Each structure stands twice: as C-alpha cells, then as structure tokens.
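Okay, structure first, notes after.
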Amino acid sequence: MESLAEIAATDLRLDIVIDTDAFNEIDDQFAVVWALLSPERFRVRALHAAPFQNQRAATFGEGMERSYEELLRLLDLLGIEPGDKVHRGAKSRFNAGSDEEPNPSVDNLIALAASHTASRPLIVIAVGAITNVAEALRQRPDLAERVVLFWLGGHPSHWPHNHEFNLGGDQAAVRFIMDSSLPMGWFPCALVAEALKTTLPEMERYVAGQGPLGDYLFQIFRDYENTDLTAMASSKTIWDLAPFAWLINPGIVEVRHGPRPRLGDDGVWQPNSDGADIMEAVQLRRDPVFRDLFAKLSAFARGEIKPQLG
C-alpha cells in the first residue's frame, strides 16, 4: 500500500470529499469543522450528506436530509457560502432502491474524480454509512483508479462482532466496498476511534467561548441525549476525527497492511486471503488530535484561519 503511505507523507494539499451523516450524532460536526479549519492540509472539494436511521431520523432518507441541513448550518457558522459544494445523498440502502433514484452526491463524486489520477487521487473520507461511495463505484468501477477511500466504521478485523452503527447502517454497501479493489484505509471503532474521548470540563475550557462556532459545538456536546456528561468520570467519544487525524499527522496512528476481510452474512468479518490490500488502523493517540483541533478553533475565533470549501 505504498500509495497510501505517499499520501500521508506528501506536503501537498490533499483534495478531499467528506461523506458524512452529519446529524446522526455530534462527532461528525467536529470532524467537518477540523477539516475545514485545516486548509494547510486539505482542499475540501465537497461535502456529501450520508443517510442514517435512528431516534433522530425515522427513515434512511430523512437522516440524509437532516445531515444535509446540518452541513449547511456548520458552513453558516464558519462563514462559508455553500454554493454548489454541498450535496444530498442516498435515500435508500445500497441495492434497495431504483437505479434511477437521483443521488447528487454520487454524480458529484464521479464528476470530481474525472480530473484525478492514480498518482494524484481524489480522497473520500466517509464517516457514516458507506452507501454513496458504494453506489458511485457500482456505476463507475474505474473510480478505483482515481479515488482513495478512508472509512470509519465497524470493529477491527479480529473482533468477534460488528455491533457498530456505520457498518450496520448499510451492510450491503460495506460488502461491496470490501470485495472491491478501491484503494482504502480503514479506521475501526473499537481500539482506534474509541480512544478519541473528551470530557465536559475539557470542552468548557477549550471550545466554549470560541465564538459562535465553538459555542455551537460545545452546546451539542453538552446536550447530547445519550450521555450524562455531568456524572463522575464521564466522557464522550468524538469518533469521526480518526481518519482526519491520520491524514493530518500519520505519526499518531499505528496501522497495519494486509488483505481486506469479507463481511459475512452474520455481520462478522471473515478472513479473505484473496482480498485487495487494505490499510487498517490499530491504535491512535488522542492527545495530539484534540490539541490540534482546539488550537484551530481558537485561531479561527481570533480570525487567524480562513476556512475554505471548493
């Protein structure tokens, strides 16, 4: 997987697309903001709304629409005009809907990839159900020659189960991607992304008061309905920072390389010696991640960072 190592090592700005279920939880918001506040590293070409279904959205399509709206809200707080850079995504799971169902995210990904090559690929960072990416690859298998995927989802390849939201959201899409040759870096939740925990006191100290954007991020963290962050020794994981962390500072993420596993019908990883190569993250140091994120939020509040989209 020399190409992925070269991506991490290069000093060039990376062209990225972020595919995110931005309203599913509160971690996507931090990840999107971090990317947009890192113009020295990323040229964020587009934001694609990924679908989800849970207590915040009754249907897959409603989850996508709420993700789309949340992306617009974040851009407003960042002072960025969305223009034609934010796109709605899938309304149904992979293979469940009609081939004729419009998907602007798929169309945009295919269009953006056309100007990239294997030596200068378009990077897709997907931090939700992987439906949009799978559908784009189904329509255009040649994307594997011009796109590199970094996905956060599932548990490590040796884990006994995959009780995890992003993978569970669209298992058919995960199977399709894992069975493909699309160059890929994978960031599991157990042991890797779960290290990205922070607390209410830390958020009060470094995020609250950092302008309207910081106050919004603090509010959604503080008010997250599934965690009592006022309880003793309570913390919350900001999962979706993980793939961005490796691209910003690869030295803080330990990775391994090997054939990608196959997702069985029972939702458990199965060894697949014939699988295409994959880079799998196995460990992550959380302190440098939050140090960089907090510093950039503060710099943005002082007017020292000009976020960019497009």
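See the values below:
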item	result
Filter result (in contact with a Gly (Cβ under 8 Å, 6 or more places away or on another chain) and either in contact (Cβ under 8 Å) with a residue 40 or more places away in the chain or in a loop (DSSP other than H, G, I, E, B) (or both)) within the range 245-262	Trp246, Val255, Arg260, Pro261, Arg262
Which numbered condition Arg120 misses (of (1) part of a loop (DSSP other than H, G, I, E, B); (2) at pLDDT 95 or above; (3) of a type in the set (Lys, Arg))	(2)
Answer residue from the range 207-244, given it is in contact with a Gly (Cβ under 8 Å, 6 or more places away or on another chain) and in a loop (DSSP other than H, G, I, E, B) and is nearest to Leu167 (Cα to Cα) among those	Val207
Hits in the range 182-223 - residues which are small (Gly, Ala, Ser) and either closer than 25 Å to Ala295 by Cβ or crowded, with 23+ Cβ neighbours inside 10 Å (or both)	Gly185, Ala193, Ala195, Ala208, Gly209, Gly211, Gly214
Which listed residue, of Asp28, Asp84, Asp76, is without any contact (Cβ under 8 Å) to a residue 12 or more places away in the chain and either among the aromatic types (Phe, Trp, Tyr) or in contact with a strand residue (DSSP E or B) (Cβ under 9 Å, 6 or more places away or on another chain) (or both)	Asp84
Within the range 44-58, considering residues that are of a type outside the set (A, V, I, L, M, F, W, C) and under 16 Å from Leu74 (Cα atoms), the one surrounded by the fewest Cβ atoms within 10 Å (Cβ to Cβ)	Arg45
Residue that is farthest from Ala281 (Cα to Cα), among those in the range 171-206 that are within 15 Å of the chain's Cα centre (by Cα) and not in a helix (DSSP H, G or I)	Leu196
The range 145-170, residues that are part of a helix (DSSP H, G or I) and among the small types (Gly, Ala, Ser)	Gly168, Gly169
Any chance Asn162 is crowded, with 20+ Cβ neighbours inside 10 Å, of a type in the set (S, T, N, Q) and either within 17 Å of Thr20 (Cβ to Cβ) or free of Cβ contacts under 8 Å to residues at least 40 places away in the same chain (or both)	no
Condition broken by Leu149, with the remaining ones in (1) crowded, with 24+ Cβ neighbours inside 10 Å; (2) of a type in the set (A, V, I, L, M); (3) touching a residue at least 40 places away in the same chain (Cβ under 8 Å) satisfied	(3)
Residue list for the range 6-28, filter: surrounded by fewer than 24 Cβ atoms within 10 Å (Cβ to Cβ) and in contact with a His (Cβ under 9 Å, 6 or more places away or on another chain)	Asp15
The lone exception for Ile305 - which of (1) within 24 Å of His161 (Cβ to Cβ); (2) surrounded by 13 or more Cβ atoms within 10 Å (Cβ to Cβ); (3) touching a residue at least 24 places away in the same chain (Cβ under 8 Å) it fails	(1)
Residue within the range 205-224 that is at positive phi and touching a helix residue (DSSP H, G or I) at 6+ places or on another chain (Cβ under 6 Å) present	yes
Single residue of the range 224-253 satisfying the filter (among the charged types (D, E, K, R) and at pLDDT 95 or above) that is surrounded by the fewest Cβ atoms within 10 Å (Cβ to Cβ)	Lys236
Matching entry among Ala295, Ala299 (being out of contact with any Cys (no Cβ under 9 Å at 6 or more places or on another chain), surrounded by fewer than 15 Cβ atoms within 10 Å (Cβ to Cβ), touching a residue at least 40 places away in the same chain (Cβ under 8 Å) and not charged (D, E, K, R))	Ala299
Selected residue (criterion: farthest from Asp170 (Cα to Cα)) from residues of the range 49-95 that are part of a loop (DSSP other than H, G, I, E, B) and among the aliphatic types (A, V, I, L, M)	Ile80
Residues that are surrounded by fewer than 14 Cβ atoms within 10 Å (Cβ to Cβ) and either touching a Pro at 6+ places or on another chain (Cβ under 6 Å) or modelled with pLDDT of 95 or more (or both), drawn from the range 91-111	Asp107, Ala111
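The values are calculated or read from the model by the stated rules, or taken from the named source; none is laboratory data. Because the structure is a prediction, the values reported are computed rather than measured. Note that each Cβ is placed from the backbone with ideal geometry, even for glycine, and that neighbours are counted across all protein chains shown.
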